[in-house]
Structures are given as structure tokens and as C-alpha cells.
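Visitor: Below are the C-alpha cells for one structure; questions will follow.
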Amino acid sequence: MSLGIIAVAALGLASSSCNDLLDTKPQGVFTDDQIGSDEATDLMTAAYATLLNHYFGNNESFAGPINNWVFDLRSDDALKGGDGVTMEGYMHQLEVGNIQSDNDIANFKWRNNYFSISRCNTAIKAILASDKLSDSERASFAAEMRTLRAYYYFDMYRIFAKFPYFDETVANPSECRADQYSRDEIVSFIKADLRDAYELLPPVQDQVGRLNKYVAAAILAKVDLFTSDWAEAEKYAGYVIDSHKYELYPNFLDMSKPEFNNMYESVLAVQFSSANSPDQYNFNNCLNCTWSEGNLYGNGDDFYLASQNLVNAFRTDENGLPFLDGSFNSENIESADYAGNVDPRLDFTLGRIGMPWRSHTYNEKWVRNMELYGQYSGKKPYPSPESPYVKPGIVPWGASSLNYIIIRYADVMLMEAEALIEQNKDLDRARTLINDIRSRASRSVDPSYTPVDCNPMIASYAVNEYPATGWTQDYARRALRMERRIELAMEGHRWFDLVRWGTAVETVNAYYASESKIHTYYIGANLTADEIYLPIPVNQVDNAGDLYK
């Protein structure tokens, strides 16, 4: 059962008020004595379908997406893009640090996550009440849903300062207060569910797209990084690595090939399809597809472009190492004629004028508003336009069957490396993990590999491994943080990394100051510590009465 099939089988949800939202159950609910293995699978199918975030229409998925690209707009990595600052202006609010309580992204994320949590709770309650399932089936199925629920609550935890928490035992979720539990209590509930799930879930599922024990471990490690629980993060990231179930893609470009879906680095992935219902398209990324000369992709809206600051972070020195002293932004990579060294992941991640894009030449006609937003459209979510998994004119805006990987193996490797570095423990192991990722980047520069995405005849590519000499805890920490930025660029991780490192305010305000010389709408932008987390959406407050005040 892939999540593409799951999308077709999903049961409907129709209401958007707060009280109804928290209580919403799938239509056609089974009675307890009807819940056998097939019926349990149907209920879980409805819960898995929530990963598509396609409840109310395209904007709900565009701007409240599971891949969280909209939160990169709050970081130093990304620009909103599109036609101008007023187009989807609620996104521009995030970009310049001026977020209002009626911001649509806050509301979309709130609604999407609670609709999803509600479906998980409905499935768990029915599964546990069934007398047709074996004890092992009940335990495993419920653990699967608790893992999915834990991910949604973790999403709430890193976005909102306060929010209600309720599980399947709560009779009336609409009576839950936003301040009923502290953040520490909520994250303890999340971790407990994931620890239990790791013990109860199988290492392999028979059906594609379903969560196994290593997914629970990877999510738990990610939660642990957010709470600085370094020892546990090391432990559970290590479980994923030591399983030998995953490995790095042979070539960096492979993550953009649908033929490699559910292979190599795919730890937690949303399954998409371009073959059937439009609800199965990856609407998360449709808004962001480059225009493309000749309308190769069915002209996207060209949102989510990279900042010059991110592009400059790909600069490398004469030894093929990044500039970790903060000087990476002292010189701009402005064109393909840039004479210095660059990490080849730059041209696998972003469009640069004069460089290949899936064997085409990226030029000004691929960019929607170059004067305002520059040229650096994101590439990772888009296969070659000639791919049989892309159907321009039938499937809109570059949508394809390419899965979206929420957690990929390189991320897990960097989780363990970071946990080791923060404990000042086994720094050689951490260096090896980082160097393995850098080695893959280096060997990905292969002009014979198709489609062509980099050109060593034009660009000077240099990415090498870190030597043991000088590999102190401080240097290793800076190397790790730069590696996360480069390796995972434009995948929706950067803002959350800055938040958990405690560097968001300093980094973003410095970015506003430097980037405003290029993008003048940043002039006067400012981020303060009390703006890190989004406010509860005002319409949710209004609907909930005193519960959220």
C-alpha cells in the first residue's frame, strides 16, 4: 500500500471550525466489533493520507505543507519568490519577520496538524478496542499510528509556543486548553510514544510507505536534537545507521529521480503519484516549480528561491573545504563565470544561469521575477521534464511521482555526528560520518551521469574531506552546522536548526542586514526572541473561547 493509493482511499473531512476540527472523525466509521485487519488498514490509510496536506484546496497544501519549505523563508536560506511581495503576502510576512496573528500559514499548519492528529487518534482508539485483532496486531498497528501522531505533535512543538495536547483517551478534545500541559510535558509524551513504538514496530513493513521501527527512531533522534538530549539522539540515530537498511544515494542527483523512490536514503517519505487522482500529486512543491523556457514543466509559480547568502555558503577554499570563519559571504557567486571553487551540491540544488538544469541550459527565461528575487530556483523536487513521471499539460507545475523525503539517511548521519560532537565524544566517528557525505558530493561530479546537472568545464568544483588535524569540538561543531546547511539546503530544515541551536535571532538579523543590499524589501526587517514561535491563529482563539487565551 503506497501513500499514492492511500490518497485515493482517504476518508473525507469537511469542517474547519476549531471544535469540529478537534473532534472530526472519518466518515463511515467502523464499529468496534467490525475492526479486523482490513478495516484497521483502512483507518490507518485515512491517517496516512494526511501527509498530503490537501484538505481544503491547493493553498492549504502550498502554504501549510508537510515539507515545511515556508519556514525556510524565516531563515537566511530562502526568498519567497513568485511575482512580487504582495503575491501570497502572508508568506512575505514570514520572510521579513512581520507575522500577524491571522497569518494563513499559521492557520494552515494548525488545521493540517490537528486534522491529522484526529485521524491518528480515531485509528488508535478503534484498533485498541477491536477484539478481531491479535494482541501483536493491536500493539503494532497502534504504535504505527502513535509514531505518525508523534511527528505531527513534534511539528506543532517546533512551530507554536502553546498548543493543546490530547491522545485517543480524551473523550472531548474540544475542551482541552492550550496551556493544559507545558512544552516539557508535551515533548515527554512525544518521546514516550516514539520509544514505545521503536520496541513494538517491525524492522520492515510489507507495504510501501508504512512506518517501521527505524522511522520511529529517526523521528525520536530529531526530537532529541531539538531538546539537546544528545545521548539519546546518538543512541536512536545509531539504531538507524546500525540497521544497515539505508545508505547514501550513489549520486547526489539520485534524490531527484522517481525511479529511486523508497530506496537508499528514504527513511520517512511521503509517497506521490502522477498516474491517477490529482490529490496524489506533490502539491507541496508545485507552487515552487521554475517557469522553464518553453514551458517544459507547465510553468510553475517560481516560489522558494535561494538567497545569495545560501549560494555563497557553497564556496570552498583551495583545499575544497567551506569557509567556517564566517567569511563565506564576503564574496558573491553571481554567475557561472565565478572563478573560485564551489561545492558541486550548489548545482544539484539550485538553478544558476548558464549552468545545466536536467540537461537543459538554465537561463533568464526560467526565472519569473529576476529583478526582485534573483535567479536561484530550487531543483531538488523536480525530475527531468522528459521523465515519464512528469506529464506537463496533464500534471501541473512540475508535479511528478517523486516522493518527498521528510527524513533522509544523510540527515540521520548528521544527527549522530552532531550528538557526538556536542558530547565531545568520539569526534573521529563524527568526522567520518560528515566525510562520507562529502565524499558522495565529490564523486557526484560525473559528466556522463544523466540528466546533466553540473558542468566541470565551466565551474571549478572542489569538495574534500576534513583532515584529522585541527578537528576540535569547536571546529567540528562549525563543520557540522555548515554541512547540514549545504547537504540539506532547500529541504525545509534550516529555520528549525537555527531555532534549536539558539542562533536564529543573531543569524537572521545579520542576514537581513547583508541581504538588504540585494533585496531592498529587507530594509528595516528585524527578528526578536519572542517572535521565534508563531502565535496561535486568531480564528482558532476566537473559536475556542477561553481555552486558548
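Visitor: Find how much the distance from Arg500 to Ser134 grows on full extension, using 0.36 nm per residue of separation minus their present alpha carbon separation; answer in nm with one decimal.
Guide: Details: separation 366, 0.36 × 366 = 131.76 nm, distance 4.12 nm.
Contour length minus Cα-Cα distance gives 127.6 nm.
Visitor: Same structure again: Any of Lys235/Lys549; Lys235/Lys257; Lys191/Lys379; Lys213/Lys379; Lys245/Lys379; Lys109/Lys245 with alpha carbons more than 29 Å apart? Name them for me.
Guide: Values: Lys235/Lys549 39 Å; Lys235/Lys257 31 Å; Lys191/Lys379 34 Å; Lys213/Lys379 31 Å; Lys245/Lys379 27 Å; Lys109/Lys245 32 Å.
Over 29 Å Cα-Cα: Lys235/Lys549; Lys235/Lys257; Lys191/Lys379; Lys213/Lys379; Lys109/Lys245.
Visitor: At what distance in nm do the modelled label points of Asn509 and Asn98 sit from each other, each positioned 7 Å from its Cα along Cα→Cβ?
Guide: Between Asn509 and Asn98, the simple spin-label model gives 1.9 nm.
Visitor: Work out the P(r) tail for segment 24-183: percent of alpha carbon pairs separated by more than 20 Å, whole number. Let's see the in-between values first.
Guide: Numbers: 7073 of 12720 pairs.
Above the 20 Å cut-off, segment 24-183 has 56 percent of its Cα pairs.
Visitor: Determine Rg/Rh for segment 378-424; Rg is computed over alpha-carbon atoms and Rh is the Kirkwood hydrodynamic estimate from the same atoms.
Guide: Working: Rg = 16.9 Å, Rh = 13.2 Å.
Dividing the radius of gyration by the Kirkwood radius yields 1.28.
Visitor: What is the P(r) of segment 456-502, as percent of Cα-Cα pairs per 5 Å bin from 0?
Guide: 4, 16, 22, 20, 16, 15, 6, 2, 0
Visitor: What residues qualify as long-range amide H neighbours of Tyr281, i.e. H under 5 Å apart, gap of 5 or more or another chain, H built at 1.01 Å from N?
Guide: For Tyr281, whose amide H was placed from the backbone, the distant partners under 5 Å are Ser273.
Visitor: In a shell of Cβ-Cβ distance under 10 Å around Gly64, excluding Gly64 itself, what net charge do Lys and Arg (+1) and Asp and Glu (-1) give?
Guide: Details: positive: Lys109, Arg111; negative: Glu60, Asp104.
Around Gly64, the charge tally is 0.
Visitor: For Cα pairs less than 8 Å apart in space and 6+ apart in sequence, what is the mean separation divided by the residue count of the chain, i.e. the relative contact order in percent? Walk me through the intermediate numbers first.
Guide: On the way: 1038 pairs, mean separation 109.3, N = 549.
That works out to 20 percent.
Visitor: 5 Å is the cut-off here: which amide hydrogens, built 1.01 Å from N in the peptide plane, fall below it relative to Phe303, excluding neighbours closer than 5 in sequence?
Guide: Gly82, Asn288, Cys289
Visitor: Ranking request for peptides 118-125, 442-449: highest mean number of other beta-carbon atoms within 10 Å first, then the rest in descending order.
Guide: On the way: 118-125: 24.9, 442-449: 15.1.
The most tightly packed comes first, giving 118-125, 442-449.
Visitor: Hey, can you rank 171-179, 191-199, 98-106, 373-381 by average C-beta count inside 10 Å, highest first? Numbers along the way, then the final one.
Guide: Numbers: 171-179: 14.7, 191-199: 19.4, 98-106: 17.8, 373-381: 23.7.
Output ranking for 171-179, 191-199, 98-106, 373-381: 373-381, 191-199, 98-106, 171-179.
Visitor: Could I have the simple spin-label model distance between Ala161 and Ala192, label points 7 Å from Cα toward Cβ, reported in nm to one decimal?
Guide: 2.6
Visitor: So what's the back-of-envelope 222 nm ellipticity for the chain, counting only DSSP H runs of four-plus at -39500 (n - 2.57) apiece and dividing by all residues, rounded to 500? List each step's numbers first, then the result.
Guide: On the way: 21 runs with 231 residues, N = 549.
Value at 222 nm, helices only: -12500 deg cm²/dmol.
Visitor: Going by average Cβ density within 10 Å per residue, which order do the peptides 144-156, 333-345, 76-88, 224-236 take, highest to lowest?
Guide: Numbers: 144-156: 24.8, 333-345: 17.5, 76-88: 21.2, 224-236: 19.1.
Listed from highest to lowest mean packing, they are 144-156, 76-88, 224-236, 333-345.
Visitor: Could you tell me how many cubic angstrom of Cα convex hull volume segment 295-360 has per residue?
Guide: Numbers: hull volume 6.3 nm³, N = 66.
Hull volume over Cα atoms, normalised by residue count, gives 96 Å³.
Visitor: Moving to a separate point now. Specify which labelled value, from (1) 21, 49, 23, 6, 1, 0; (2) 20, 47, 27, 6, 0; (3) 22, 59, 19, 0, agrees with P(r) over Cα pairs in 20 Å bins from 0, in percent derived from the coordinates of the model shown.
Guide: (3)
Visitor: What's the exposure ranking of Leu488, Leu52, going from fewest to most Cβ atoms within 10 Å? Don't skip to the end; give the middle numbers.
Guide: Numbers: Leu488 20, Leu52 27.
Going from sparsest to densest Cβ surroundings: Leu488, Leu52.
Visitor: In segment 479-508, which residues have a backbone nitrogen under 14 Å from the label point lying 7 Å from Asp317's Cα in the Cα-to-Cβ direction?
Guide: Those under the cut-off are 479.
Visitor: Also: What length, rounded to one decimal in nm, is gained on full extension from Asn369 through to Lys235, with 0.36 nm per residue of separation minus their alpha-carbon distance? Intermediate results must be reported in sequence, preceding the final value.
Guide: Details: separation 134, 0.36 × 134 = 48.24 nm, distance 4.62 nm.
Here the segment from Asn369 to Lys235 would lengthen by 43.6 nm.
Visitor: Give the whole-number value, in cubic angstrom per residue, of the convex hull volume spanned by the C-alpha atoms of segment 220-290. Mind dumping the intermediate values first?
Guide: Details: hull volume 10.3 nm³, N = 71.
Given the Cα convex hull of segment 220-290, per-residue volume reads 144 Å³.
Visitor: Can you check what the net charge comes to around Ile353, using other residues whose Cβ is under 13 Å from the Cβ of Ile353 (Lys, Arg +1; Asp, Glu -1)?
Guide: On the way: positive: Arg352, Lys365; negative: Glu293, Glu334, Asp337, Asp347, Glu364.
That sum, taken over residues with Cβ under 13 Å, equals -3.
Visitor: Tell me which residues come under 5 Å, amide H to amide H, from Val342 once H is placed; ignore anything under 5 positions away on its chain.
Guide: The answer is Thr316, Ser460, Tyr461, Ala462.
Visitor: Another question, if that's okay. Could you give me the ³J(HN,Hα) list for segment 453-464, computed from phi with Karplus coefficients 6.51, -1.76, 1.60 and θ = phi - 60°, whole Hz, x at Gly and Pro?
Guide: Computed from phi, the couplings for segment 453-464 are 10, 9, 9, x, 7, 9, 8, 9, 8, 8, 9, 10 Hz.
Visitor: Calculate, for Val208 and Thr86, the FRET efficiency according to 1/(1 + (r/R0)^6) with r their C-beta to C-beta distance and R0 41 Å; round to the nearest 0.05. Walk me through the numbers on the way to the answer.
Guide: Working: r = 42 Å, r/R0 = 1.02.
Calculated transfer efficiency: 0.50.
Read the figures in this text as sums done on the coordinates, not as results from a lab. It should be emphasised that the depicted structure is a prediction, and the values quoted were computed from it without experimental measurement. Note: ideal-geometry Cβ built from the backbone for every residue, glycine included; neighbour counts use all protein chains shown.
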